[in-house]
């Protein structure tokens, strides 16, 4: 029996999946990521792979290859990891270390590329020629799949839209000084990640008049609910329940997401954009964002579809397994 084993190395969890030759899941397990500890991260990955092998009856069979999705990319020059928001991976020879520990070949890919590949092969974008996969979670990432193949790019950064500057709306409330982990200011990730939405909402509670003026909240605007411990999903839920402060924050988020994705459409012109990550569960995005992006797309019509992932939070790890051809 053909078995593909994939790993999704995330900032908060590491997940393993085993797929049979038809893409059916045989095993899926996860553990917490040992944040900040590279050696412990290696041990966790090896442990999950050994668990997967034993669970599918391949405990004594040597693996030939394992696919691993990572929150960064591998430098073509040095072989070291770069651009990872799990910063303890940066500068490390991850592929080389895992190949030594496991005795098999390792295929590394950016986690957003894995997500896009999964949804393009047998998910929400099945059959589409050009797919852009978006991660809206702890960070913001993107991956491009063309005719069923990941587009990596000559620098290994194809799809990394999260570290472009946010178009136009970056500083409308005077929040000028935030710096991304990458060292740049105004990255899309600062505003469209889950922590970015939470930060923006908390900041807006200090400056409600600025938000009202820019986004049309009613003159009687007052946040119905205040909290020092907001989460992105709680902001969306409160907006749905009528909290005007949360509604204004969601409208700002939707305008920013629409502008950012319009730039992607103007360059790549994908058939389908699939949202992933925790914020992909916010239903209103799928109606509001395409309505808003039309203004900034350089076309008389926009046929690009914005869709939810079919495989949910398992898309990344499934895509890692699909790296094995």
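Laboratory data are not the source of any read-out in this text; all were calculated from the coordinates shown. No experiment lies behind these values; they were computed from the predicted model shown. Note: ideal-geometry Cβ built from the backbone for every residue, glycine included; neighbour counts use all protein chains shown.
Data table
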quantity	calculated
Potential lengthening between residue 295 and residue 24 on full extension [0.36 nm per residue; Cα-Cα distance subtracted]	93.4 nm
273, 121 arranged by Cβ crowding within 10 Å, fewest neighbours leading	121, 273
Candidates 22, 43, 259: whichever shows maximal mean-square fluctuation once the chain is modelled as a Gaussian network with Cα springs under 10 Å	22
Neighbour-count order for 188, 267, 135, fewest beta carbons within 10 angstrom listed first	267, 188, 135
Calculated FRET efficiency for the pair residue 229/residue 182, C-beta based, R₀ 25 Å, to 0.05	0.40
Selected from 204, 118, 193 as most flexible by GNM, with the chain as the system and alpha-carbon contacts under 10 Å	204
Extension reserve of the residue 35-residue 55 stretch, reckoned as 0.36 nm per residue once the Cα distance is removed	4.6 nm
Difference of contour (0.36 nm per residue) and Cα-Cα distance, residue 104 to residue 75	8.4 nm
Gap separating the Cα centres of segment 107-138 and segment 236-274, nearest whole Å	19
Folded to 0 to 90 degrees: helix 38-55 orientation relative to the chain principal axis, Cα	60
Choice from 191, 253, 181 with maximal GNM fluctuation in the chain (Cα, 10 Å cutoff)	181
